[in-house]
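Please read the structure below before turning to the comments.
The values are calculated or read from the model by the stated rules, or taken from the named source; none is laboratory data. All figures in this text were calculated on a predicted structure; none of them were measured in a lab. Glycine gets a Cβ as well: all are built from the backbone with ideal geometry, and neighbour counts include every protein chain shown. Remember, those area values only see protein heavy atoms, side chains included, never the ligands or the DNA or RNA. Shrake-Rupley method; radii C 1.70, N 1.55, O 1.52, S 1.80 Å.
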Amino acid sequence: MKALGSALRALERPTPPSGDPTRGLRDAIEAIGKIAERAAGEGAFDDFRRRQLVRRGAHVLSAIIERGVESGAFRPYCARWAVQRLPYAIVAGVCARWVFGLPEERSLGAGAAADAALEALCPPVLAAR
């Protein structure tokens, strides 16, 4: 499916580093969800394409998260985990509906995935004791 490749290339286009990492993360997660939905709807979401989407989507999210950590916009408890592992969990969560054939009401949507990711990336500041 050539459309998957072109959609992934569009997702991977560099974004200005001065952009808002929170908005960039939300937009990228939404785009990944739309790519997965379209691929599944066209019957082109085989193992190879799923792996490709997870790998490339996680790479994009990782770059956004890394910029957010470096700028101070994201303050995760563990920056290394946030940059290296959280992106894979986000993409897997967004794609689970189409991988496992889950009904929409029992699956994690892109908006909920973005909210959960931002909660992990921007934890509340603990009050000093």
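Assess whether Val60 counts as being hydrophobic (A, V, I, L, M, F, W, C), more than 11 Å from the chain's Cα centre (by Cα), within 22 Å of Arg13 (Cβ to Cβ) and buried (at least 16 other Cβ atoms within 10 Å of the Cβ). Considered against the rule, which asks whether it is hydrophobic (A, V, I, L, M, F, W, C), more than 11 Å from the chain's Cα centre (by Cα), within 22 Å of Arg13 (Cβ to Cβ) and buried (at least 16 other Cβ atoms within 10 Å of the Cβ), Val60 comes out as no. When segment 99-129 is examined, which residues are found to be surrounded by fewer than 19 Cβ atoms within 10 Å (Cβ to Cβ) and assigned to a helix (DSSP H, G or I)? If the condition is that a residue be surrounded by fewer than 19 Cβ atoms within 10 Å (Cβ to Cβ) and assigned to a helix (DSSP H, G or I), then Val99, Phe100, Glu104, Glu105, Arg106, Gly111, Ala112, Asp115, Ala116, Leu118, Glu119, Ala120 are the ones that fit.
Results for (1) at pLDDT below 70; (2) open to solvent by 70 Å² or more (accessible area, probe 1.4 Å), shown as yes or no for each residue.
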residue	(1), (2)
Lys2	yes, yes
Ala10	no, no
Pro14	yes, yes
Gly19	no, no
Leu25	no, no
Ile29	no, no
Ile32	no, no
Glu37	no, yes
Ala40	no, no
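Selection of segment 73-92 for residues being outside any loop (DSSP other than H, G, I, E, B), open to solvent by 20 Å² or more (accessible area, probe 1.4 Å) and in contact (Cβ under 8 Å) with a residue 12 or more places away in the chain yields Val83, Gln84, Tyr88, Ala92. Just one of the numbered conditions (1) open to solvent by 70 Å² or more (accessible area, probe 1.4 Å); (2) among the acidic types (Asp, Glu); (3) within 21 Å of Leu11 (Cα to Cα) is not true of Glu70: (3). Criterion first (open to solvent by less than 40 Å² (accessible area, probe 1.4 Å), under 12 Å from Leu25 (Cα atoms) and among the small types (Gly, Ala, Ser)) does Ala96 satisfy it? No: the conditions fail for Ala96.
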